[in-house]
Amino acid sequence: MRKSIECGYSHAGTAPGEMGISWRQKQAAYRKGYNGEEHMLTRLLVEHDHILKTLNLLEMQFLDLCRGGTPDFSLMRSILEYIQEYPEQIHHPFEDKIFSILLERVDEVELIQELIAEHTELETETRKIRESLKLLESGAVSPEDIMKLLSAFLIRQRQHMYIEEEKVHPLIESALTEEDWEHVQSAVPLYKG
């Protein structure tokens, strides 16, 4: 666990073993191969890793701001654009399709519905931060306001992925069939291996 810093922000780090499944489990999944179910689950894990790395870059800029420094606003805008656009257009539609199958087969309906709703909420939060960042650069929003938004955003993004990996991926492994995977992949054509 990382310790709180001077701006009151803390989160569970993304070191091996601290984010969902362990680093060793992810490496084993990566080595298993790239076909069918394993490929799709592996791809979800890889995408989560990419998003986490991007969040880590955003966090570094956030910490600069917390310490009174001047973050790289151009980098922050690029990070937020990626965090908004890629999940919104590709990652979340794929997960939502998988989750819609789970809703018919598992008892954890409330959890799945919450995660689907969070996809939209996280996209809205990302847009708000992007807009607020523009306002910060022009002086219309205070650094403290941005720090509060970013702190909550970083924590929520990581918690969301943790819950998906820890609680939902095991459900996916046990509930989806090969036919389901074929249906999901054909329904989300941008999600090709």
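The values are calculated or read from the model by the stated rules, or taken from the named source; none is laboratory data. It should be emphasised that the depicted structure is a prediction, and the values quoted were computed from it without experimental measurement. Glycine gets a Cβ as well: all are built from the backbone with ideal geometry, and neighbour counts include every protein chain shown. Surface areas here come from the heavy atoms of the whole protein model, side chains and all, with no ligands, DNA or RNA. Shrake-Rupley method; radii C 1.70, N 1.55, O 1.52, S 1.80 Å.
If you take the beta carbon distance between T124 and D96 as r and set R0 to 22 Å, what does 1/(1 + (r/R0)^6) give as a FRET efficiency, to the nearest 0.05?
Working: r = 16 Å, r/R0 = 0.71.
Once the sixth-power term is evaluated, E becomes 0.90.
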### Task
May I ask you to evaluate 6.51 cos²θ - 1.76 cosθ + 1.60, the Karplus curve with θ = phi - 60°, for each residue of the range 157-170 and list the ³J(HN,Hα) values in order in whole Hz, giving x for glycine and proline?
4, 5, 4, 4, 5, 4, 5, 4, 6, 7, 10, 9, 4, x
### Query
Tell me, what is the FRET efficiency for T177 and V109 to the nearest 0.05, using R0 = 22 angstrom and their Cβ-Cβ distance as r?
0.70
### Query
Once label points are set 7 Å from the Cα along Cα→Cβ at both M60 and E166, what is their separation, rounded to one decimal in nm?
2.7 nm
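Carbon and sulfur atoms: what percent of the 1.4 Å accessible area of the range 60-193 do they account for?
Details: 3400 of 6830 Å².
For the range 60-193, the apolar C and S fraction of the accessible surface comes to 50 percent.
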### Message
If I model a spin label as a point 7 Å beyond the Cα along the Cα-Cβ vector, how far apart are those points for E137 and R156 in nm?
### Response
2.3 nm
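Checking the table K53/K97; K128/K148; K97/K148; K53/K128; K97/K167 against a 23 Å threshold on Cα-Cα, which pairs fail?
Working: K53/K97 25 Å; K128/K148 12 Å; K97/K148 33 Å; K53/K128 21 Å; K97/K167 17 Å.
In this structure, K53/K97; K97/K148 exceed 23 Å between Cα atoms.
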### Query
When the dipole is taken about the Cα centre of the range 85-127, and only Lys, Arg (+1) and Asp, Glu (-1) are charged at their Cβ, what size is it in debye, to the nearest 20?
200 debye
### Summary
Projecting the Cα atoms of F99, C66, Q89 onto the charge dipole of the range 57-120, where Lys and Arg contribute +1 and Asp and Glu -1 at Cβ, the residue farthest towards the positive end is C66
